[in-house]
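Encoded as structure tokens, the structure appears first; notes follow it.
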Amino acid sequence: MRIKKAIIPAAGLGTRVLPATKAMPKEMLPIVDKPAIQYIVEEAVKSGIEDILIIISRGKSIVEDHFDRSPELEAKLAAGGESKKEFLDQVVSISKLANITYIRQQEQKGLGHAVLQAKKYVGNEPFAVMYGDDVIIGEDPCIGQLCRAYDEYGKGVVGIKEVSKEAIQKYSSMKVESLRDNLFSISDMIEKPTPDKIFSLYSILGRCVLPPQIFDILENTPLGAGNELQLTDAMKVLAQTDGMVGVDFTGTRYDMGNKLGILKASVEVGLQNQDFGPEFRDYLKDIVSKF
Ligand code: UTP
């Protein structure tokens, strides 16, 4: 079944990026010239998904503004003639990227709780989840790779990557068996494992495709790590019963939920910029030698 809807949970408090995130959602922090969440919406669209639900919260209506029309700005740019045409086209195209709907998560009770807010919107069909602070850049859009695996196996799919022993304790750990190439079957998982509970160094990073049954499971899942409703705890039930599929996806993932991740994203994307990439590279080489 073709995946037609994606949800982007972007309602978290972003405490690891304070004070930047006191008034500014981390999902709106720019990587060079685009907010993180725009990269994510573009990834969905490139994968053939045009119906998107963004889960926001109080103080995050700036996300809605970004994807809306902007009549005053557009009029000003239009009056600027040829020299402003490129900007005008960019600004208008953002508002036409996809059919975006918004819903508010009133209390920040975790990623699982955020996903649960999408129950009515999703209905009875499989859907994609794209974590609002995980930007993944690559030739083959990440969520498209997961949708293809869902088509092939008809089971819930998670995007996975191997991470370090230190990192896995902050993320999740998957019990995996190889299917072929970069595909794995997943029969169990654990959120934020202590060292003795680690299944493997494969962790879920930012993307999944889930069957609608996940909503019933979420409604019956007790609060987990951090006293939050953890999506991983619900997916664990799915993995243990129906099994899930893991895709060791191609593409580079930038964690916009922490300060170092944000810096790495800007540097790497900046280095690839056609206009100033080479100049930025020279600048970095020079500055690094001075510290
Ligand atoms: P995180 O757990 O990384 O986000 O969730 P957070 O809670 O904002 O982070 P810290 O620990 O306080 O820094 C991953 C994604 O899920 C969303 C976040 O906005 C982020 O994009 N999320 C998280 C929600 O939508 N609602 C929540 O209650 C929690």
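What follows draws every value from the coordinates through simple rules; no lab data is involved. Owing to the predicted nature of the structure, the values given are computational and were not obtained by experimental measurement. Neighbour counts are summed over all protein chains in view; Cβ atoms, including those assigned to glycine, are modelled from backbone coordinates with ideal geometry.
With springs only between Cα atoms under 10 Å, which of L13, L263, L116 fluctuates most in a Gaussian network model of the chain? So, out of L13, L263, L116, the one fluctuating most is L263.
The slack between T252 and K4, meaning 0.36 nm per residue of separation minus the straight C-alpha distance, is 86.9 nm. Counting lysine pairs in the range 1-141 whose alpha carbons fall under 14 angstrom apart, excluding pairs fewer than 8 residues apart on the same chain, gives 10.
Peptides 35-44, 214-223 ranked from most to least packed, by the mean per-residue count of other Cβ atoms within 10 Å: 35-44, 214-223. Among N227, I214, Y254, whose Cα projects farthest towards the positive end of the dipole of the range 201-291, with charges put on the beta-carbon of Lys, Arg (+1) and Asp, Glu (-1)? Of the candidates, Y254 comes out farthest on the positive side. Karplus-derived 3J(HN,Hα) values for the range 255-272, using 6.51 cos²θ - 1.76 cosθ + 1.60 with θ = phi - 60°, are 8, 7, x, 9, 5, 5, x, 5, 5, 4, 4, 5, 5, 5, 6, x, 5, 8 Hz; glycine and proline are entered as x. Across G12, G270, G81, mean-square fluctuation computed from a Gaussian network of the chain (C-alpha pairs under 10 Å connected) peaks at G81.
Taking the range 24-55 and a reference point 7 angstrom along Cα→Cβ of N182, the backbone N atoms nearer than 19 Å belong to 40-49.
Legend: calculated FRET efficiency, K85 to N220, from the Cβ-Cβ distance at R0 = 41 Å, rounded to 0.05, equals 0.15. The protection proxy used here, the mean number of other Cβ atoms lying within 10 Å of each residue, ranks peptides 155-164, 170-179, 281-290 as follows, highest first: 155-164, 170-179, 281-290. When the chain is fully extended, how far beyond the present Cα-Cα distance does K46 get from A78, taking 0.36 nm per residue of separation? Full extension from K46 to A78 adds 8.7 nm.
Between Y283 and Y121, what length comes free when the chain is fully extended (0.36 nm per residue of separation minus the Cα-Cα distance, one decimal in nm)? Let's see the in-between values first.
Working: separation 162, 0.36 × 162 = 58.32 nm, distance 4.75 nm.
Result: 53.6 nm gained on full extension.
Of all lysines in the structure, those lying under 21 Å Cα to Cα from K175, and not within fewer than 8 positions of it along the same chain, are K155, K161, K165, K192, K197, K236.
Between D68 and K109, the modelled labels are 2.9 nm apart [label points 7 Å from Cα along Cα→Cβ].
For the residue pair E139 and S61, what label-to-label distance in nm results when each label sits 7 Å from Cα along the Cα-to-beta-carbon direction? Calculated label separation equals 4.4 nm.
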